[in-house]
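Take a look at the structure below.
The values are calculated or read from the model by the stated rules, or taken from the named source; none is laboratory data. Since we're looking at a predicted model, the values are computed, not measured. Reconstructed Cβ throughout: ideal geometry from the backbone, glycine too, with neighbour counts over all protein chains shown.
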Amino acid sequence: MDGIVAFLITEGNVTKPHLHICLKATGKKAVETAYQGAIEGGGRCNGRPGYRDHYEPGYYAAFIFDPDGHNIEILFREA
């Protein structure tokens, strides 16, 4: 997707089962910056920024639990 993507978070009931949402990053620095911001904003670590070569070569990601327990992944794939 090369267009603008809107992502809206609103109050509501917690969904069951919990969600896994993956957000595409533009580079490793973007993964690290988003992860740090999420942790500072109250998220819980579910995987620090780093390579996950067991998924595929060049898979650089971080994982955060949001306050409702949803797993948010921030991903950059190297070419």
*asked:* Out of everything in segment 63-79 that is under 11 Å from residue 31 (Cα atoms) and of a type outside the set (A, V, I, L, M), what residue ends up being surrounded by the fewest Cβ atoms within 10 Å (Cβ to Cβ)?
replied: 77
*exposed (fewer than 13 other Cβ atoms within 10 Å of the Cβ) and either in a helix (DSSP H, G or I) or modelled with pLDDT of 95 or more (or both): does that describe residue 12?*
no
*Which one of these does residue 63 not meet: (1) more than 12 Å from residue 22 (Cα to Cα); (2) at pLDDT 95 or above?*
(1)
*Within the group 79, 30, which residue is over 11 Å from the mean Cα position of the chain (by Cα), more than 25 Å from residue 13 (Cα to Cα) and among the hydrophobic types (A, V, I, L, M, F, W, C)?*
79
*asked:* Of everything in segment 26-62, what is surrounded by 13 or more Cβ atoms within 10 Å (Cβ to Cβ), among the basic types (Lys, Arg) and assigned to a helix (DSSP H, G or I)? Give them in sequence order.
replied: 28
*asked:* List the residue pairs whose Cβ atoms are under 9 Å apart, where the first residue sits in segment 44-56 and is within 16 Å of residue 72 (Cβ to Cβ) and free of Cβ contacts under 8 Å to residues at least 60 places away in the same chain, the second is part of a strand (DSSP E or B) and of a type in the set (Asp, Glu), and the two are 6 or more positions apart or on different chains.
replied: 46/73; 47/73
